[in-house]
Amino acid sequence: MSKPVLALTILIPLSLGTAVAADPSATASRAQSPDPVAGAMLRGSIGLRYWNSTASSDISVSGNRMMTSDARPSHSAELVGEFDDDIDGTFFRAYAGIGRNLDGKQTFRGYAANGHQDSGFGYAVIDGGWTLARTDDQSATLRGFIGYHFLNDEFVGVYRGSKRNLQTNWNALRIGLSAKGQLTSRVGFSADLAAVPWAYHKPKDARSAYTYGVEAEALMHMAVTENWHVGVGGRYWLLQSHYKGTRSAEQTYRRFGLLAESKYAF
């Protein structure tokens, strides 16, 4: 091999290696470019709740109280789950529960019941929403949501040996705001306020012209471990129904009480 050719075969690889070493931006950019899959952040939780609540229902016709059920103590257990996507700021959550109504006060056409029967109730809520605002340090978030609420409830009273029961079903639209955040590294909070602009309400032998209301919930959470969290708080539901017919009939339904929660966060 001639000397000029031999020199070229040695100099060309050396020059290419020097150029790459002098300009490491390509290698650095490849090393620092984020993986879109690895950058995704999906967080969530799944847990159990206990709700110690009190329920009341008041039905009136043309201003006269027809059937009332007051101060009905109730107990229910529910399964709850939530998932948050930190990349696009969306979230999805749902909870469902079943419970029992116990003793209380009930009247029918002004006559007080001389006995009660335990009755059941069930409910389910599904919400989805998006982030509206977030603090600079990411410690608190304000979100908007829209959702669906199903509720079935029954009240039973005994009047001189005969039973009078009121069983109702609501299918409600929820629109509201949700806030959550951290007060310390281990203590956090969550709060929801939802308006019910419309609901389909179907009690026995009647149908509502329209229903509206408000629903609220707030909890304080504490991280016992990195993944196990417990919380306490409260919940309030109010639904006001107006019925179709020649006479003015309406129903006011309330349920409120204390919540206890245990959940696994991931």
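Values as computed for the structure displayed
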item: Most to least accessible of D58, D118 (protein chains only, probe 1.4 Å); result: D118, D58
item: Farthest toward positive dipole pole in the stretch 173-266 [+1 Lys/Arg, -1 Asp/Glu at C-beta], among G176, A265, Y200; result: Y200
item: Cα gyration tensor, the stretch 153-247 - rounded (a/c under 1.5), prolate or oblate; result: oblate
item: Per-residue SASA entry for S248, accessible area with 1.4 Å probe, Å² rounded to 10; result: 80 Å²
item: ³J(HN,Hα), Karplus 6.51/-1.76/1.60, whole Hz, each residue of the stretch 102-107, x for Gly, Pro; result: 10, 4, x, 9, 9, 10
item: Under the Karplus curve 6.51 cos²θ - 1.76 cosθ + 1.60, θ = phi - 60°, whole-Hz ³J(HN,Hα) for the stretch 81-86, x wherever Gly or Pro sits; result: x, 8, 9, 10, 10, 6
item: Theoretical FRET efficiency, 1/(1+(r/R0)^6), r = Cβ-Cβ of R43 and N171, R0 35 Å, to 0.05; result: 0.70
item: In order through the stretch 135-146: 3J(HN,Hα) via Karplus (6.51 cos²θ - 1.76 cosθ + 1.60), integer Hz, x for Gly, Pro; result: 5, 4, 8, 6, 8, 9, 9, 10, 10, x, 8, 9
item: Solvent exposure ordering (accessible area, 1.4 Å, most first) of T225, T211; result: T225, T211
item: Extension gain from S185 to A112, taking 0.36 nm per residue of separation minus the Cα-Cα distance; result: 21.0 nm
item: Accessible surface, 1.4 Å probe, highest first, among residues V156, V232, V187; result: V232, V187, V156
item: Residues of the stretch 81-123 with amide N under 13 Å of the 7 Å Cα→Cβ point at N152; result: 97-99, 120-123
item: Of K163/K244; K105/K163; K105/K244, those spanning more than 18 Å from alpha-carbon to alpha-carbon; result: K163/K244; K105/K244
item: Distance-filtered residues of the stretch 147-177 - backbone nitrogen under 20 Å, label point 7 angstrom along L132 Cα→Cβ; result: 147-149, 173-177
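The values are calculated or read from the model by the stated rules, or taken from the named source; none is laboratory data. This is a predicted model, so every value here is computed, not measured. Heads up, the Cβs are rebuilt from the backbone with ideal geometry, glycines too, and the neighbour counts pull from every protein chain shown. Note: areas computed on protein heavy atoms with side chains; ligands, DNA, RNA excluded. Shrake-Rupley method; radii C 1.70, N 1.55, O 1.52, S 1.80 Å.
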